[in-house]
Amino acid sequence: MSSEESWPPGYRINETPRGLSARLIAEFREVPVAVAGDCMGRSLGAMGLKPYHEDLHAMLCGPALTVQVRPGDNLMIHKALMMAQPGDIIVIDGGGDLTQALIGGLMRTTALARRIGGFVIDGAIRDLVEWADGRMPVFAKGHTHRGPSKEGPGQINVPIACAGLVVQPGDLIMGDADGVICVPVAEADGLLPRVRAHLQREQAIRMSNEQGTSDPERFNAVLRAKGLPV
């Protein structure tokens, strides 16, 4: 990309870091967002986003291509679409603005052709009927019929805030019916064994619940530690 001095104020375009292996992405594709969140402290994840693809089984999992835009303007999102590789998740900081849609049906067509992995948008979308077929996962703050401008400014592949998520370009983005979470690329390898162990524990609990053999002491001990006479 161009030198530091060549960028006008408010503009920046960086390449997407490629620190996640295809194997690691495939492994996390089988992990529920809630489980990843449990293993990361239960206090992380996007807030206030809605899945507009209307398919409970649709999910997204891939590296973040981040975009920061002026509310109601999608110039840099168009550029990001041209830069994205198959499987990339385009994560957009639109400031939570709902007065103008940042993407719609025409951009969705481009994303399908380029095999984008999905969108996470702190802003609005439009053309809901097209998104509702479930072919392109999209999580957004809201929707409106009002279209965007294409004037800028904006930045691509810079650190952003998106609906409560801190996202660095190249981080792992996961989304399913429960919500969206970001796994920092430096933590992904270490998180995977914890996720696997958590899934095994949950399976054991699920089986005991189904069979009616749950140990009552699991929670009685917690209650006694709080002073309850149980």
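Here are the numbers for this structure:
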read-out	value
The chain, helix-only ellipticity at 222 nm - DSSP H runs n ≥ 4, -39,500 (n - 2.57), divided by all residues, nearest 500	-9000 deg cm²/dmol
Span-like helix ranges in the chain, DSSP H, alpha carbon extent 20 angstrom or more, Kyte mean at least -1.0	188-211
Area of Asp127 that stays accessible when all protein chains are in place (1.4 Å probe, Å², to 10)	60 Å²
Cross-link partners of Lys50 among lysines (Cα-Cα below 21 Å; sequence separation of 8 or more within a chain)	Lys141
Pairwise FRET efficiency - Met82 versus Arg23, Cβ, R0 = 30 Å, nearest 0.05	0.65
1.4 Å probe accessible area per residue over segment 130-179, in Å²	40 Å²
Ordering of 58-68, 184-194, 159-169 by burial proxy (mean other Cβ atoms within 10 Å per residue, highest first)	58-68, 159-169, 184-194
Rounded percent of accessible protein surface that carbon and sulfur make up, the chain, 1.4 Å probe	54 percent
FRET efficiency estimate (nearest 0.05) - Cβ-Cβ, Lys226 to Ala197, R0 41 angstrom	0.90
Calculated FRET efficiency for the pair Ala204/Asp55, C-beta based, R₀ 35 Å, to 0.05	0.70
Positive minus negative residues near Ile156 (Lys, Arg vs Asp, Glu; Cβ under 13 Å)	-1
Heavy-atom surface of segment 10-87, accessible at 1.4 Å and reported per residue (Å²)	48 Å²
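The values are calculated or read from the model by the stated rules, or taken from the named source; none is laboratory data. Remember, it's a predicted structure, so these values are computed and weren't measured experimentally. Cβ atoms come from the backbone with ideal geometry, glycine included; neighbour counts cover every protein chain shown. Only protein heavy atoms, including side chains, enter the accessible area calculation; ligands, DNA and RNA are left aside. Shrake-Rupley method; radii C 1.70, N 1.55, O 1.52, S 1.80 Å.
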